[in-house]
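Have a look at the structure below before the remarks.
Every number here is computed from the coordinates shown, using simple stated rules; none is lab data. Since the model is a prediction, treat every value here as computed from it, not as a measurement. Cβ: placed from backbone, ideal geometry, glycine included. Neighbour counts: every protein chain shown.
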Amino acid sequence: MIKTYHAKEKDIERRYYVVDAEDKILGRLATRVAILLRGKHKPIYTPNIDCGDGVIVINAGLIRVTGNKLKEKVYRRYSGYPGGQKTVVLENMLKKRPTEVLRLAISRMLPQNPLGRKMLRKLKIYAGDSHPHQAQNPTKLEI
């Protein structure tokens, strides 16, 4: 009889990875980072447990997009009040808050529940090429 393995918190070994986002395509980078945060790259992956690793993304301001997305992709938010819908084009968002573009892309690929929010806390994004997480001994990951 074959038994299904379920990971436990004490069995999970966490690591940190550094990903350089310079000249990487937004969606392809976001999917790889989301896989690392969820832990789907590990053989002990269990959907209801946070098995993922921490990810540090540097140079988030230098990501690329394909096609006409710079001018056509729109981010919308709504305050809940009449006339409270705001829209921002990707080009303006990259100038004002470059880290938020990548954070939104990754967070929308994670589960929309408390487990997904726990996974998102292990994501650190920086617009420049330096980060203050040397104590975690991050491994450079080539994507």
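Here MET119 fulfils each of the conditions (1) under 30 Å from ASN68 (Cβ atoms); (2) under 15 Å from the mean Cα position of the chain (by Cα); (3) of a type in the set (A, V, I, L, M); (4) outside any loop (DSSP other than H, G, I, E, B) apart from (1).
Using the structure shown, decide if LYS24 is crowded, with 19+ Cβ neighbours inside 10 Å and either of a type in the set (D, E, K, R) or touching a residue at least 24 places away in the same chain (Cβ under 8 Å) (or both). Criteria met by LYS24.
Taken over the stretch 1-44, the residue count meeting the criterion of being more than 15 Å from ALA105 (Cα to Cα), out of contact with any strand residue (DSSP E or B) (no Cβ under 9 Å at 6 or more places or on another chain) and charged (D, E, K, R) is 8. Of the residues making up the stretch 62-117, those that are in contact with an Asp or Glu (Cβ under 7 Å, 6 or more places away or on another chain) and either in contact (Cβ under 8 Å) with a residue 24 or more places away in the chain or closer than 16 Å to ALA30 by Cα (or both) number 4.
For the structure I just gave you, tell me whether ILE106 is part of a strand (DSSP E or B), among the hydrophobic types (A, V, I, L, M, F, W, C), under 13 Å from the mean Cα position of the chain (by Cα) and closer than 18 Å to ALA21 by Cα. Against the criterion (part of a strand (DSSP E or B), among the hydrophobic types (A, V, I, L, M, F, W, C), under 13 Å from the mean Cα position of the chain (by Cα) and closer than 18 Å to ALA21 by Cα), ILE106 does not qualify. Within the stretch 118-143, residues that are surrounded by 15 or more Cβ atoms within 10 Å (Cβ to Cβ) reach partners that are assigned to a loop (DSSP other than H, G, I, E, B) and among the acidic types (Asp, Glu) with beta carbons closer than 9 Å, at six or more positions or on different chains, in the pairs MET119/ASP50; LYS122/ASP50; LYS122/ASP53. Evaluated against (1) loosely packed, with under 12 Cβ neighbours inside 10 Å; (2) out of contact with any strand residue (DSSP E or B) (no Cβ under 6 Å at 6 or more places or on another chain); (3) more than 18 Å from ILE12 (Cα to Cα); (4) not aliphatic (A, V, I, L, M), GLN85 falls short on exactly one condition, (2).
Buried (at least 17 other Cβ atoms within 10 Å of the Cβ) and in contact with a strand residue (DSSP E or B) (Cβ under 7 Å, 6 or more places away or on another chain), is that true of ALA60? When the stated conditions are applied, ALA60 passes them.
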